[in-house]
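Shown next, in structure tokens, is the structure this report addresses.
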Amino acid sequence: MSAQPFVVLDGIAKRWKGALGVQDICLTIEEGSFVALLGPSGCGKSTTLRLLAGLETPDEGRIMIDGADVTHRPASARNLSMVFQSYALFPHLSVAENVMFGMKVRRVPKAERLRSLHRAMEITGLLGFEDRKPNELSGGQRQRVALARAIVAGQRLCLMDEPLSNLDAKLRHAVRKDIKKLQQDLGITVVYVTHDQTEAMSMADKVVLMRDGEIQQIGTPEQLYSQPENTFAAEFVGAPPMALIDGAALPGFSDGHTIGVRAENIVLAETGQGDLQCRVTDCEFLGAETFIGLQHPQARGLTLKVAGLKNIPAGQVIDIVLARETLLSFDKEGRKIPQG
Amino acid sequence: MNKYANQERRRRAIYGYLLLTPAAVLLSLFAFYPSVATLWSSMFSRGTRRHPTEFVGAGNYNDLFSDPTFWLVVKNNLFYAGITIPLSMFIALSMALWANSKISAKGFVRTAYFTPTVLPMIAAANLWLFFYTPGLGVLDQIGALFGLPSVNWLGQPETALWAIIIVTVWKESGFFMIFYLAALQTIPTDLKEAADLEGASRWTYTRRIVLPLLMPTTLFIAVNAMINSVKLIDHLFILTKGGPSDSTKLILYYIWEMAFAFFDAPHAAAMTIMVLLVLGIIAAVQFFYMDKRTHYQ
């Protein structure tokens, strides 16, 4: 990694009529990395992206891209491309015209325009669709047109605002791989906004978890998964999320603390020999494994992972054992307590 | 099975016709029948005590074609339409683009623009009569401040039609603006953002994205403006009564005059038929030709 980060957000804040948008956003992004802004809706992740894109102006803080202070530069002078959630395709223009719009505006010669178009169509698998109008395309194809438009822009930084949220689950999975591959092939830096933790975890080199306009945790997917900084991160990341248990319910833990445990660290025990006694609420069969939802008065989100198909009738009481060395403790405010 | 399917189809057909009936009855009674009756009466001579009504075929039409006043009225109306339609549409579009952008007192601006449309034409005409009156009128008073001579805007053939045109444009622009404004608000804001990111200027964005997306509205407004240019004559009654020396006489006013001042119903009918024919052709051309070049969302 080079010494100078590619993108720097330094103490960014944005408010609307007194209401908080985002605040204290400090973030550095290395060139060529894939960064996901993750969080529930209304957490400020899209705002952050729009601030970075130049579609909004921050009230405080500085934005640097490639060593230049771009805080007050318009969107067009920031050398970036963007894929919108709604794709923002021009409905009256054909696919080719949509993709070449920016080049036409920048007066790129026609031969070069056509060459770039062809290449982008090839990469996105849209050859043969050049003359279609956006409303004659499926959702996935429209999405790829939006990608093609970002590709031909030839910028080193590409922002994506929930580009997959309008696609069905199967397509989403396929396009996810395409985007990741594209990012690696072109060697570009991608900042990707999503509310879907699976997307963030599977694609990103670095995940930025946000809530209520503030960054909760920045780290690799692995760090977010196994070392959540607070209970919010613990419950937001992972499928199933981390279970949180009142410290009082477990022997050897102090009262005010909350204990976090991942589903894979919970094991079924003999009756009367477990750490906790829970009631089964439901069984979710996923093919290779079954998630068994558990209920306990002092815990929430307890899930037991069992290989293969397992059907335990709801209401049955079972005992579970927690793998002690994997447990995480959080204090009253939900912050992680350093181990050891 | 087949029998039930047939029954169902018939039931649906009856249902469909029942839904269409009220509109069909009303239209036949108040639009189709009067049109046919007008066509019929335009082919008979005007009955007097000595010459009873008789069939003259195209006679009434021939009379009109040899009537210099008719041609003057046609010329006036073409000029009136040729100026008011593009001008009011252009002003409407400009106002809409402005009222749609981020300005303060947006609500006030929109209301202010729309006010002329709400006013009845007769009231508006009275208002403008006050503006145009020589000596007392607002225009003359302002002119006097700069030492300009008094002008009788409505009283001289050179300026009268222009004065009428200005009143019409003032009245129509606000109305058309509302349509443009509504259409502008259906354009998603992220199109503007996408264009911004690509470095498109405001002008490029307007020309390449906004105007094409407004085409359906423009077409609709154009047809309306065309019809209005023949239909709107209330202000003539207040402002000029077609004068001076027929310089502001428009077709519908002439038809009214023919029918109710000269009591020459057959000639009025003949003129009505011609207006209907011309409007029909224009509307057909606009819809069939322009439709192909218009993008509907």
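Numerical summary
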read-out	value
Some residue of region A:138-146 being touching a residue at least 40 places away in the same chain (Cβ under 8 Å) and at positive phi	no
Some residue of region B:133-148 being buried (at least 17 other Cβ atoms within 10 Å of the Cβ), without any contact (Cβ under 8 Å) to a residue 60 or more places away in the chain and either within 14 Å of chain A (Cβ to nearest Cβ) or assigned to a helix (DSSP H, G or I) (or both)	yes
Every residue from region A:292-302 that is open to solvent by 20 Å² or more (accessible area, probe 1.4 Å) and under 26 Å from the mean Cα position of the chain (by Cα)	A:300, A:301
Residues that are touching a Leu at 6+ places or on another chain (Cβ under 7 Å) and either away from chain A (no Cβ under 13 Å) or among the charged types (D, E, K, R) (or both), drawn from region B:207-225	none
Test: residue in region B:20-37 that is surrounded by 11 or more Cβ atoms within 10 Å (Cβ to Cβ), of a type outside the set (Val, Ile, Thr) and within 20 Å of residue B:250 (Cα to Cα)	no
Scan of region B:217-257 for residues that are closer than 14 Å to residue B:286 by Cβ and of a type in the set (A, V, I, L, M), ordered by number	B:219, B:221, B:222, B:223, B:225, B:226, B:227
Hits in region B:87-115 - residues which are in a helix (DSSP H, G or I), hydroxyl-bearing (Ser, Thr, Tyr) and either open to solvent by 50 Å² or more (accessible area, probe 1.4 Å) or without any contact (Cβ under 8 Å) to a residue 24 or more places away in the chain (or both)	B:94, B:111, B:113, B:115
Residue that is nearest to the chain's Cα centre (by Cα), among those in region B:188-206 that are among the charged types (D, E, K, R) and within 11 Å of chain A (Cβ to nearest Cβ)	B:192
Helices (runs of 4 or more DSSP H) contained in region A:43-126 and holding at least 1 residues modelled with pLDDT of 90 or more and under 27 Å from residue A:216 (Cα atoms)	A:45-53
Residue among A:171, A:157, A:126, A:167 that alone is more than 23 Å from residue B:208 (Cα to Cα) and within 13 Å of another protein chain (Cβ to nearest Cβ)	A:157
Residue within region B:188-200 that is over 19 Å from residue B:244 (Cβ atoms), open to solvent by 40 Å² or more (accessible area, probe 1.4 Å) and in contact with a helix residue (DSSP H, G or I) (Cβ under 6 Å, 6 or more places away or on another chain) present	yes
Qualifying residue in region A:63-79 (condition: closer than 21 Å to residue B:200 by Cα, touching a residue at least 24 places away in the same chain (Cβ under 8 Å) and either over 25 Å from the mean Cα position of the chain (by Cα) or open to solvent by 50 Å² or more (accessible area, probe 1.4 Å) (or both))	yes
Matching residues, region A:166-204, being open to solvent by 70 Å² or more (accessible area, probe 1.4 Å) and more than 23 Å from residue A:125 (Cα to Cα)	A:195
Residue B:72 assigned to a helix (DSSP H, G or I) and surrounded by fewer than 17 Cβ atoms within 10 Å (Cβ to Cβ)	yes
Single condition residue B:82 does not satisfy, out of (1) within 23 Å of residue B:260 (Cα to Cα); (2) open to solvent by less than 50 Å² (accessible area, probe 1.4 Å)	(1)
Subset of region B:101-120 (residues that are closer than 14 Å to residue B:172 by Cα and either of a type in the set (A, V, I, L, M) or touching a Pro at 6+ places or on another chain (Cβ under 9 Å) (or both))	B:112, B:118, B:119
Residue within region B:176-187 that is outside any helix (DSSP H, G or I) and within 14 Å of chain A (Cβ to nearest Cβ) present	yes
Evaluation of residue B:249 against (1) touching a Phe, Trp or Tyr at 6+ places or on another chain (Cβ under 9 Å); (2) in a loop (DSSP other than H, G, I, E, B); (3) open to solvent by less than 20 Å² (accessible area, probe 1.4 Å) (one fails), failing number	(1)
Region A:116-150, subset within 21 Å of the chain's Cα centre (by Cα) and not polar (S, T, N, Q), residue surrounded by the most Cβ atoms within 10 Å (Cβ to Cβ)	A:150
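Quick grid of which residues meet (1) among the small types (Gly, Ala, Ser); (2) surrounded by fewer than 16 Cβ atoms within 10 Å (Cβ to Cβ); (3) at negative phi:
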{"site": "A:208", "(1), (2), (3)": "no, no, yes"}
{"site": "A:220", "(1), (2), (3)": "no, yes, yes"}
{"site": "A:232", "(1), (2), (3)": "no, no, yes"}
{"site": "A:242", "(1), (2), (3)": "no, no, yes"}
{"site": "A:245", "(1), (2), (3)": "no, no, yes"}
{"site": "A:256", "(1), (2), (3)": "yes, yes, yes"}
{"site": "A:265", "(1), (2), (3)": "no, no, yes"}
{"site": "A:273", "(1), (2), (3)": "no, yes, yes"}
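The values are calculated or read from the model by the stated rules, or taken from the named source; none is laboratory data. These numbers come from a predicted model, not from an experiment. Glycine also receives a Cβ, built like all others from the backbone with ideal geometry; neighbour counts cover every protein chain displayed. We work out accessible area using only protein heavy atoms, side chains counted, and drop any ligands, DNA or RNA first. Shrake-Rupley method; radii C 1.70, N 1.55, O 1.52, S 1.80 Å.
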